[in-house]
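What follows is one structure encoded as structure tokens, with my remarks underneath.
The values are calculated or read from the model by the stated rules, or taken from the named source; none is laboratory data. Just so it is clear, the structure is predicted and the values come from calculations on it, not from any experiment. Note that we place each Cβ from the backbone using ideal geometry, even for glycine, and neighbour counts take in every protein chain shown.
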């Protein structure tokens, strides 16, 4: 009997690899890098603590465990609009990495060009907490016009009520949009929530992508099944598998209590998308379209 390999991954519980084997060029489209020893954190800081041991070297341990080889570095809210840590991570990770930045409308064209050359393919609006957000809703449309020229998208980490409130804007933006963490619908409503209906409409019209990530944000049941989050994910997979991508959300900065088991989160894909060809599309082909990775032959 073969003894399973054991892994020690910072900010992740469990120490065994997932049962699901990652296909070649599988992509984790949502994780963060923190490197306060090299990149000072702006002040004041959100009340949420900075996850320790969250550098590029630490993230590579997660890749080794999961078997993913491509990734998208998402600018964490702790760094505000100072994207230096994310750009540095992209340089370290090379051609298999892309990035999502956070900017204000005052960003210069030269800076956007520099970001694009570094591998940035979108900007993020994390609007859930008005007290800690680095960007504001009134910046969405001005910035959408700026980034459209680069072929970028806008990524939204927003709550269910904000999806309803911003529905008109989301439907008229001149760029693709990416919805974080299954869309955060109200629970237990889940797929019956008004916000989910809006996101489904955006998907159906080919205007949006959804990240199959953050099961622990969308559950009252919890692990190992995350049964309520699973129903939401399965509804998206049934409706629009060509508009879905998967992300770990490592190092799980907003997770409360114990850190989740990343291998378990990856294995959820076997239940969310039982068909192997659909999983390959979510993990490989769809990220190639959305982030511009080289096509897998």
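Some observations on this one:
- Check on residue 89, in contact with a helix residue (DSSP H, G or I) (Cβ under 6 Å, 6 or more places away or on another chain), free of Cβ contacts under 8 Å to residues at least 60 places away in the same chain and under 23 Å from residue 213 (Cβ atoms): yes
- The set of residues in segment 242-266 that are over 28 Å from residue 132 (Cβ atoms) and surrounded by fewer than 17 Cβ atoms within 10 Å (Cβ to Cβ) contains only 242.
- Taken over segment 257-271, residues that are part of a loop (DSSP other than H, G, I, E, B) and touching a residue at least 40 places away in the same chain (Cβ under 8 Å) amount to 4.
- Some residue of segment 148-163 being modelled with pLDDT of 95 or more, more than 29 Å from residue 187 (Cα to Cα) and under 19 Å from the mean Cα position of the chain (by Cα): yes
- Listing of helices (runs of 4 or more DSSP H) fully contained in segment 32-138 that carry 2 or more residues being over 23 Å from residue 264 (Cα atoms) and within 16 Å of the chain's Cα centre (by Cα): 84-93
- Exactly one residue out of 274, 253 is within 20 Å of residue 17 (Cα to Cα) and assigned to a loop (DSSP other than H, G, I, E, B): that is 274.
- Condition met for residue 286 (under 18 Å from residue 227 (Cβ atoms) and touching a residue at least 12 places away in the same chain (Cβ under 8 Å)): no
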